[in-house]
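Undergrad: Shown below is the structure under consideration.
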Amino acid sequence: MTKRPPTDLAPLRYKRHRFRAEVIAHTVWLYFRFPRSLRHVEDLLAERGIEVSFQTVSEWAGKFGREYACQIRRRSRGSFADKWHLDEMVGSIKGKKYWLWRAVDAQGHVLDALLQSRRNKTASLPLIRKLLKGQGVTPRVMVTDKLRSYSAAKAELIPYVEHRSHKGLNNRAENSHLFIRRRERDMMRFKSTRQCQRFISIQGPVANLFHLHRKHLSASDHRECRAAAMTAWRDITLSAAA
């Protein structure tokens, strides 16, 4: 008879780690929440008396960040707006051009991101398939720039969805690239496609959790929303249970 996995993952998740769960969760939060490099996070922790190397920060970001992001995705599945904005940004990794295809909803929440070596229909199809699978619903409207690859992919996968193709309408997606550009500069470019894909896959869900629309909230409402986001983060990381 096979044993069922334990429901409380905290002891297994943080087992044999020298630092407490709260420290690990806070480190991952610093790295993905703000445009800071691994060495910046190391210095911020050192100021608090926590001696952790930037290599350890990198290991925690990869190991625990992926688990946290998966939980955030499960919680937020189906809660995004039905208007999707798709766009791509170009970058260089080891001297080779890559395109980062990203999708956000009408509120600026990151739906998904995918790094591709091409900028054509073959590259846009996997993004839309990934979006449909991850969100579990089809959009009401899809907004893109005038790149024809989007029209070709939409016609094949979701031909019944309204498509608005105009550069001026897609500022929501284009503005969402700014954080990635800042992080790219801080990291002196991504070192590999694997590193880039891993980072964007984790950073998006973390950013969504703390996407509070501050300019539309009063100071008291913003503090309440921020406190609720931090409570959700602690619950997700199982810091209290650990």
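Undergrad: I'd like the full set of residues that are touching a helix residue (DSSP H, G or I) at 6+ places or on another chain (Cβ under 6 Å) and either among the acidic types (Asp, Glu) or closer than 30 Å to residue 132 by Cβ (or both), limited to segment 47-61.
TA: Of everything in segment 47-61, just one residue is touching a helix residue (DSSP H, G or I) at 6+ places or on another chain (Cβ under 6 Å) and either among the acidic types (Asp, Glu) or closer than 30 Å to residue 132 by Cβ (or both), namely 61.
Undergrad: I'd like to check something: does segment 152-162 contain any residue that is touching a strand residue (DSSP E or B) at 6+ places or on another chain (Cβ under 9 Å), modelled with pLDDT under 90 and surrounded by 12 or more Cβ atoms within 10 Å (Cβ to Cβ)?
TA: no
Undergrad: Could you identify the single residue in 29, 101 that is crowded, with 18+ Cβ neighbours inside 10 Å, of a type in the set (A, V, I, L, M, F, W, C), closer than 30 Å to residue 136 by Cβ and not assigned by TED's automatic domain parsing to the domain that holds residue 154?
TA: Values: 101 fails: not assigned by TED's automatic domain parsing to the domain that holds residue 154.
Of the residues listed, the single one that is crowded, with 18+ Cβ neighbours inside 10 Å, of a type in the set (A, V, I, L, M, F, W, C), closer than 30 Å to residue 136 by Cβ and not assigned by TED's automatic domain parsing to the domain that holds residue 154 is 29.
Undergrad: Among all residue pairs at least 6 apart or on different chains, which show Cβ distances below 8 Å where the first residue, located in segment 89-102, is in contact (Cβ under 8 Å) with a residue 60 or more places away in the chain and within 12 Å of residue 189 (Cα to Cα) and the second is surrounded by 10 or more Cβ atoms within 10 Å (Cβ to Cβ) and among the acidic types (Asp, Glu)?
TA: So the pair list comes out as 91/184.
Undergrad: Another one. How many residues does segment 74-95 hold that are basic (Lys, Arg) and assigned to a strand (DSSP E or B)?
TA: Quick first cut of segment 74-95, residues basic (Lys, Arg) only: 74-75, 77, 83, 94.
Checking which are assigned to a strand (DSSP E or B) leaves us with 83.
The total comes to 1.
The values are calculated or read from the model by the stated rules, or taken from the named source; none is laboratory data. Please read these numbers as outputs of a predicted model, since none were measured by experiment. FYI the Cβ positions are ideal-geometry reconstructions off the backbone, even for glycines, and counts take in every protein chain you see.
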